[in-house]
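This report refers to the structure that appears directly beneath it.
Where a number appears in this text, it was derived from the coordinates with a stated rule and is not lab data. Predicted model, so just to flag it, every value in this text is computed and none were measured. Note: ideal-geometry Cβ built from the backbone for every residue, glycine included; neighbour counts use all protein chains shown.
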Amino acid sequence: MASTSPKNGEMSYLYLSVGTDGYQNYFTMAGPNCLCGHGSLVESLNWTDDYFVKMIKKVATENIKHMAPKASSVRAFGKYQDEVHKTLV
């Protein structure tokens, strides 16, 4: 089984808290920095489900075999989240 733990001591990020680079077709409901800690659990899971459905429809209708966010996008979004969270506490 593949491990999603950080490599080389680096911080592990998920893009939009739902997927990460290097793991094709891998989706998670409540990853790091998800909205669950910042509002309604039920509504945040609903938004995540809606996003999954959009991605799955795209894969099914556009003959896409697999998808995963780009590593650069995952890192950029993770750094953005870190900066935003500094202003929230």
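Is it true that some residue in region 72-89 is over 11 Å from the mean Cα position of the chain (by Cα), charged (D, E, K, R) and assigned to a loop (DSSP other than H, G, I, E, B)?
So far as region 72-89 goes, no, none of its residues is over 11 Å from the mean Cα position of the chain (by Cα), charged (D, E, K, R) and assigned to a loop (DSSP other than H, G, I, E, B).
Hey, among the residues in region 21-70 that are exposed (fewer than 15 other Cβ atoms within 10 Å of the Cβ) and acidic (Asp, Glu), which one's farthest from the chain's Cα centre (by Cα)?
62
Pairs, please: C-beta under 6 Å, at least 6 apart or cross-chain, first residue over 18 Å from residue 25 (Cα atoms) and in region 43-54, second assigned to a helix (DSSP H, G or I)?
44/35; 44/36
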